[in-house]
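Below: the structure, in structure tokens.
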Amino acid sequence: MTSAPTQSAPVEPDPTPAGDPPLQRILIATGRVARHAGLPVVIALLVGAVVLLATGNDPIAVYGRLATEAFGTPSRINATLAATTPILFTAIAAAFAYRAGVFTVGVEGSFVLGGLTAAVIGANMGGFPPVVAVILPLLGATLAGGLVAAVPAVLRAVWSVDEVVTTLMFNFIVAGLAGWAVQSFFQERGQANSATAYVAENAELPALAPPGQTSWALIIGLLLLIGYAVWMRRSTLGFEFRAVGSAPRFSTAQGLRVRTVLLTALLGAGLIGGLGGGSHALGIVHRYSEGFSASFGFTGIAIALLARFNPIGILVGAILFGALNAAGATVQLFINLPVQLIDILEGTVMIFAVAVFAFPRLSKRWAARSERRRP
Amino acid sequence: MSSTSTASVPGSGPAAIRCRIGARGVSRSFGPVRANVDVTLSVRPGTVHAVVGENGAGKSTLMRILYGLDQPDSGHVVIDDEEIALTSPRAAIARRIGLVQQELAIIPELSLLENLVLGEEPVRFGRIDWATALRRAEELSASVGVDIDWKAGAALTSIAIQQQVEILRLVYRGADVLILDEPTAVLAPAQAEELLRLLSSLRDAGRTVIFISHKLDEVVGVADHITVLRSGRTITEIARGEIDREGLAALIVGDSEVAERSVSRGDPGETVLVVEGVSAKDDRAVLRLDDVSFEVRSGEILGVAAVAGNGQEELAEVLIGIRGAASGDIRLDGASIGRASIRKRRLAGLGYVSADRKHEGLALGLSLADNSIATPALHGLARGGWLGPRRVAERVKEVLDRAAVRYGSSSDPASSLSGGNQQRVVLGRETIGNPRVLVASQPTRGVDVRGIGYIHELLRRARDEGAAIVLFSEELDELRELSDRIVVLHRGQVAGMLPGEASRSEIGALMLGNHSPEDDNPDADVPDDPTPGHPRSPRGGETV
Ligand SMILES: Nc1ncnc2c1ncn2[C@@H]1O[C@H](COP(=O)(O)OP(=O)(O)OP(=O)(O)O)[C@@H](O)[C@H]1O
Ligand SMILES: [Mg+2]
């Protein structure tokens with residue numbers, strides 16, 4: 001009876017179980033990222049070209065100059081990588097949460113509080129042995145970043161409170177809090193703007209190729225990226241992240257750990273953002289000062305979306321934005337270029353990255369809204 | 001050729017047109033999978049044309065090509081006897097062709113009326129003219145003899161009504177060829193009949209209908225012509241009356257044997273699942289389950305029979321824990337699980353085949369591999385929180401082979417599988433870990449003739465391995481073949497418990513709430529059509 005009708009076995013060639021060769025996988029992933037990210041980037045370049053033409057510049061010449069300023073010499077590459085470092089962290093943080101379908105915008109706040117915490121601890125590391133002097137501030141920064149995300153995480157996981165609203169609120173809270181704390185407690189005397197004291201020398205993350213600014217923070221970021229990739233692919237919780245992010249009802253019905261996933265996603269993004277802020281403080285700025293984060297948290301969101309959370313895409317995206325920032329800073333020395341052009345380019349890429357990703361969701365919301373106008 | 005109703009085709013040009021829509025030599029491959037191979041199809045205007053074939057035979061692929069959603073690697077779509085290249089659905093709509101895909105595209109947040117006119121709202125003074133929209137909608141439903149409350153929110157109406165609205169939406173947009181991919185798969189028998197009547201009246205009004213179905217009775221009964229696909233190839237075309245159900249089944253499967261659908265009973269052991277006085281409410285706080293009690297033993301299949309909307313969906317949800325019980329308790333091997341989380345229940349050995357394959361049964365965007373292992377027992381494949389790729393690959397292969405899934409690569413997304421093969425993935429996954437209890441809801445929905453036999457075999461195997469199975473099905477014959485006992489629900493209460501050998505009329509009478517069939521329902525072999533007037537699906541009544 002049990003003679004199963006030999007129903008069509010798997011089709012022709014041997015079904016490649018779960019793993020194609022790694023190189024091939026990387027190529028496929030890269031291709032996919034290029035497809036998603038290509039459009040926003042191309043549109044941004046076109047918009048930029050229009051602006052350039054309108055302001056009497058030759059787009060090709062300007063773009064050429066930007067490329068040389070970003071990658072032309074070892075020292076320019078170093079500058080690009082230095083600019084890449086903070087947004088690499090924030091992009092990983094955002095991608096980590098988004099994989100689970102959790103749309104946090106709170107990485108910015110975690111980054112800021114992490115930076116402040118690391119700067120304050122780092123300034124008091126004078127007598128400590130070098131490794132400890134680095135690890136303690138980074139640890140503090142990471143925890144601080146997690147702290148910023150804790151309340152939204154609990155609200156989301158337990159009471160399903162929308163994380164966009166709560167994390168945004170915490171960004172404001174942190175921004176106010178940080179400014180106030182610096183002015184009241186940590187203000188370095190003799191500094192015009194509000195800034196903390198410089199960290200002790202042994203608490204600095206050393207530069208990789210002095211005098212260039214790129215530091216060990218980049219190495220930490222790259223390790224983190226690899227960890228992110230492996231963890232998502234190979235860990236059980238990473239598996240559940242992907243499942244919850246792509247099919248929430250399915251995950252619930254299958255008894256996956258939905259709550260744990262939501263909680264971990266928000267907390268994890270905060271921890272990573274905090275570590276990013278700490279690394280930025282110890283590696284580049286060497287203190288905390290007003291304007292510590294040039295909206296790195298939000299650039300990270302754009303990169304994560306552009307990359308569709310893919311690790312290689314995150315790296316490429318971070319370098320792209322890093323290059324724009326680095327080149328933008330110096331290109332005006334050579335040609336008469338509206339400073340805002342760089343902002344326009346970045347802004348356009350971001351807008352389209354978000355649009356390409358979010359449009360399907362938005363149209364659903366609009367549909368829901370028009371329900372109220374039902375006849 | 002000349003069907004009875006060709007004469008009245010409005011606007012389809014000279015009566016000389018022989019092929020309103022079709023395919024000539026169409027081939028389409030997805031990597032190694034040859035979904036369509038040199039397919040030929042010719043649909044005469046003003047007829048109902050059925051396309052049948054096994055799961056993965058290439059039916060949906062062909063329909064997508066006819067609608068311009070997909071392009072053939074070679075060959076042509078034929079419209080009005082003319083070979084043309086359909087590059088997009090827009091081009092198809094311009095040729096008055098419409099498609100309802102296998103999965104419904106109704107937007108639940110909108111009203112039925114909004115769903116109907118979406119994208120083509122009548123406008124007056126720059127605003128949507130809802131009065132006109134409503135009038136047109138009512139004319140439309142009246143013209144084909146269906147009764148729809150257009151103002152109801154889509155989420156609150158039954159799937160049968162949503163299905164009708166999807167079809168009428170095509171008509172509203174001026175489609176004259178209606179392509180329907182398995183429109184009756186998710187419907188209860190009575191609802192399916194109503195839908196088929198709708199198709200016939202559309203045909204009588206001169207429209208051309210193509211539909212796919214695995215329910216051969218309805219194909220033989222309704223279609224003017226039938227095209228059979230097998231392994232992506234056209235096997236033959238048959239006219240109405242030339243073939244019966246069995247002949248058609250033989251054509252569909254080819255030389256291979258259809259396992260004789262057989263009856264075999266289990267050998268029940270100790271009591272495993274105890275349901276005790278369970279009551280539950282639906283999303284609108286209406287009582288749907290009222291003090292339901294029963295027991296299921298190891299090695300036993302308990303069938304649940306009920307007319308759609310009498311509490312069976314809630315019962316399945318309460319058993320697995322998706323819906324909380326308002327009162328009562330559930331015990332598994334003596335331990336109370338009535339208040340336990342889904343996860344706890346699953347870890348205690350509860351398997352679940354959801355009737356909602358697209359949302360609950362599978363994560364369509366994830367790979368087959370991911371779908372095959374997505375259970376709490378996932379951790380059995382893990383060491384210290386990490387999944388070993390080799391162990392995972394082995395398990396994936398085991399799951400997919402167990403259910404004889406037809407697939408390309410296990411890294412393909414589940415969405416790339418044909419509908420019936422998707423169902424098999426679910427069955428394979430849920431039966432593999434020797435579940436103590438298996439809650440199986442509509443397990444053969446959308447599955448082909450041979451696949452049904454195969455899934456029945458899987459269920460029996462799970463039973464023989466000691467599982468206590470609760471089987472929900474809209475097919476009474478399926479229940480009678482598989483069940484050791486059948487519990488009948490009526491208005492959320494247990495109307496009776498029958499042996500698996502019970503006749504259709506006995507079951508049917510209880511489903512209608514008649515406790516003594518002999519007395520007041522002498523000629524009651526009607527269980528397939530017991531509805532009108534009864535509550536609809538849980539999400540449902542048509543009115544808010
Ligand atoms: N986008 C795709 N990518 C890869 N394979 C695909 C894709 N679409 C269809 N296929 C494959 O093509 C074959 C035919 O699929 P199709 O959906 O046309 O079958 P079907 O006849 O509609 O089956 P069912 O009755 O189960 O719905 C299947 O083997 C399926 O896996
Ligand atoms: Mg199909």
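Taking 19 Å as the cut-off, no amide N atom of region A:78-98 comes nearer than this to a point 7 Å along the Cα-to-beta-carbon line of A:Val161. Each residue, A:Val354 and B:Glu394, gets one label point 7 Å from its Cα in the Cβ direction; the gap between the two is 4.9 nm. Using R0 = 51 Å, the C-beta based FRET efficiency linking B:Gln493 and A:Val154 works out to 0.75. Shielding by partners for peptide B:382-390, expressed as the average number of C-beta atoms from other protein chains within 10 Å of each residue's C-beta, is 4.
Using Cα-Cα distances under 8 Å and only pairs 6 or more residues apart, what relative contact order does region B:271-511 have, in percent? In percent, rounded to a whole number, it is 28. Per the Debye calculation on chain A with a single equal scatterer at every Cα and no solvent contribution, log₁₀ I(q)/I(0) for q = 0.06, 0.07, 0.11, 0.14 Å⁻¹ amounts to -0.26, -0.35, -0.83, -1.25. Take every pair of alpha-carbon atoms less than 8 Å apart whose residues are at least six positions apart; their mean separation over the length of chain B yields a relative contact order of 16 percent. Note: relative contact order over chain A, using C-alpha pairs below 8 Å and six or more positions apart, is 32 percent. When both bridge partners sit in chain B, DSSP labels roughly 60% of those beta bridges antiparallel. Fewest-first ordering of B:Phe472, A:Phe298, A:Phe111 by other beta carbons within 10 Å of each residue's beta carbon gives A:Phe298, B:Phe472, A:Phe111. Percent of Cα pairs in region B:21-253 per distance bin of 10 Å, from zero to the largest separation: 8, 32, 35, 19, 5, 0. Placing R0 at 22 angstrom, the Cβ-Cβ distance between A:Val42 and A:Ile344 gives a FRET efficiency of 0.90 after rounding to 0.05. Residues in region A:130-142 carry Karplus couplings, in order, of x, 5, 4, 5, 8, 5, 4, x, 5, 4, x, 4, 4 Hz; the curve used is 6.51 cos²θ - 1.76 cosθ + 1.60 with θ = phi - 60°, and Gly or Pro positions show x. Around the Cα centre of chain A, unit charges on the Cβ atoms of Lys, Arg, Asp and Glu (plus for the first two, minus for the last two) sum to a dipole of about 1220 debye.
Please give the helix A:59-71 orientation as an angle from the longest Cα principal axis of chain A, in degrees from 0 to 90, rounded to the nearest 10. Once rounded, the angle reads 80 degrees. Rg and Dmax of region A:103-171, both derived from C-alpha coordinates alone, stand at 14.5, 46 Å. In plain terms, the residue of B:Trp130, A:Trp216, A:Trp159 with the fewest other Cβ atoms within 10 Å comes first and the most crowded comes last, giving A:Trp159, A:Trp216, B:Trp130.
The translational diffusion coefficient of region A:266-323, from Stokes-Einstein at 37 °C and 0.692 mPa s with a Kirkwood hydrodynamic radius over alpha carbon pairs, comes to 267 µm²/s. For region B:236-335, the fraction of C-alpha pairs farther apart than 24 angstrom is 49 percent. Taking region A:130-154 and a reference point 7 angstrom along Cα→Cβ of A:Met169, the backbone N atoms nearer than 19 Å belong to A:146-154. Between B:Glu83 and B:Ala205, what FRET efficiency follows from the Cβ-Cβ distance if R0 is 30 Å, with the result rounded to 0.05? It comes to 0.60. Scanning residues 5 or more positions from B:Leu180 or on other chains, those with amide H under 5 Å from its amide H are B:Val100, B:Ile210, B:Phe211, B:Ile212, with H placed 1.01 Å from N in the peptide plane.
Computed from Cα atoms, the angle from the helix A:74-99 axis to the main principal axis of chain A rounds to 40 degrees.
Each of A:Phe128, B:Phe125 has some number of other Cβ atoms within 10 Å of its Cβ, and from fewest to most they run B:Phe125, A:Phe128.
What is the list of residues in region B:84-111 whose amide nitrogen lies under 12 Å from a point 7 angstrom out from the Cα of B:Glu120, following Cα to Cβ? Flagged as within label range: B:93-99. The mean count of C-beta atoms from other chains within 10 Å of the C-beta of residues in B:337-348, rounded to a whole number, is 2. Extension gain for the segment B:Arg284 to B:Ile235, taken as residue separation times 0.36 nm less the Cα-Cα distance, is 12.7 nm to one decimal.
Here the label points at A:Val131 and A:Leu333, each 7 Å from Cα along the C-beta direction, are separated by 3.9 nm in the simple model.
Under conditions of 20 °C and 1.002 mPa s, chain B yields 87 µm² s⁻¹ as its translational diffusion coefficient, taking Rh as the Kirkwood radius over Cα pairs in the Stokes-Einstein equation.
The C-alpha atoms of the protein assembly as shown occupy a region whose extents along the principal axes are 101, 71, 57 Å, arranged from largest to smallest. Taking amide H positions as modeled 1.01 Å from N, with prolines and chain starts lacking one, the residues under 5 Å from B:Gln493 and 5 or more places away or on another chain are B:Asp290.
Listed values for region A:306-316 are Karplus-derived 3J(HN,Hα) couplings in whole Hz (6.51 cos²θ - 1.76 cosθ + 1.60, θ = phi - 60°), namely 3, 7, 6, 6, 7, x, 5, x, 4, 4, 4, and x replaces Gly and Pro.
Since every read-out is calculated from the coordinates, none of them should be taken as a lab result. None of these values were measured; they are calculated from a predicted model. Because the Cβ atoms are built from the backbone with ideal geometry, glycine has one as well, and the counts that use them run over all protein chains shown.
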